[in-house]
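Here's the structure, in structure tokens; my notes come after.
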Amino acid sequence: MNIKLYVLTLWLVIDPIYYMFTRLTYIDDSKGSDQNVFRVRLTRYKGRESILTDGTVIQKNDLLIKIHLHNAQLMKSIKNIKGDVRKAMVIHQNVERSLPQLAEYVNNHSNATDIKGIIGITMLNRGSSKLGFDTVEISSPFYKYFKCMALLPIYWLSVTSLSSNSFKKHHPCYLFMSKGKLLQKYFQQM
């Protein structure tokens, strides 16, 4: 058994414990057997002002749904796939399949009128614009470094081989999507 498989197995054991201590919520997936890859929580934005491509302005203290990929589930689904491009395609398809249910969750949320959009932080952002996300650089060098270290294990598990060159190309960034764009693009597509 290789080291990545050991790490993934350990992650699958630790993940439920991690989940217990966070404010994350699973998006209920009663519509089918495939699990939604998002775990979410309500958050107040603390970064710099960002203007999204649809004109939505995200400002400090705006109410957002923070999306977390269920990384343990995703890594388990790609563990036997060879090639980074194919792995990226599978992750992309899982995210795309989960977005309509996320749109329904946001639309039906008790704070729906106050929610301005969704936010995530990732190093795996290639192709995210095709899904409707806007990519925004993290302005704080300290926070960017912290997220880089926190996301390094996920990145390492998701690539075939880790090289300093590929690592330099992928750095943490915010992914935003306004509530309007999310609902227009994905609501009632289920």
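Bear in mind that the values in this text are calculations on the coordinates, not laboratory data. It should be emphasised that the depicted structure is a prediction, and the values quoted were computed from it without experimental measurement. We place every Cβ from the backbone using ideal geometry, glycine too, and count neighbours over all the protein chains shown.
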- line: Gyration tensor on Cα atoms of segment 31-71, a ≥ b ≥ c root eigenvalues, a/c under 1.5 rounded, else prolate if a/b beats b/c, else oblate, says prolate
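Give the relative contact order (percent, whole number) for the chain; include only Cα pairs under 8 Å separated by 6+ residues. Walk me through the numbers on the way to the answer.
On the way: 254 pairs, mean separation 46.0, N = 190.
With pairs under 8 Å counted, the relative contact order is 24 percent.
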field: GNM result for the chain, Cα springs below 10 Å: residue of Pro100, Pro153, Pro172 fluctuating most strongly
entry: Pro153
Label-to-label distance, nm, for residues given as Tyr145 and Gln184 (7 Å Cα→Cβ offset): 4.0
field: Simple spin-label estimate for Phe21 and His109 in nanometres, 7 Å along Cα-Cβ
entry: 2.5
query: Which net charge results when you count Lys and Arg as +1 and Asp and Glu as -1 among the other residues whose beta-carbon is under 15 Å from that of Leu8?
result: +3
statement: Which of Lys179, Lys66, Lys46 fluctuates most in a GNM of the chain (C-alpha springs under 10 Å)? That residue is Lys46
statement: Under Stokes-Einstein, the chain at 25 °C and 0.890 mPa s, with its Kirkwood radius over C-alpha pairs, diffuses with a coefficient in µm²/s of 141
statement: For Thr53, the net charge from surrounding residues (Cβ-Cβ under 11 Å; K, R +1; D, E -1) works out to -1
query: Among all lysine pairs in segment 1-123 that are eight or more places apart or on different chains, how many have alpha carbons less than 27 angstrom apart?
result: 19
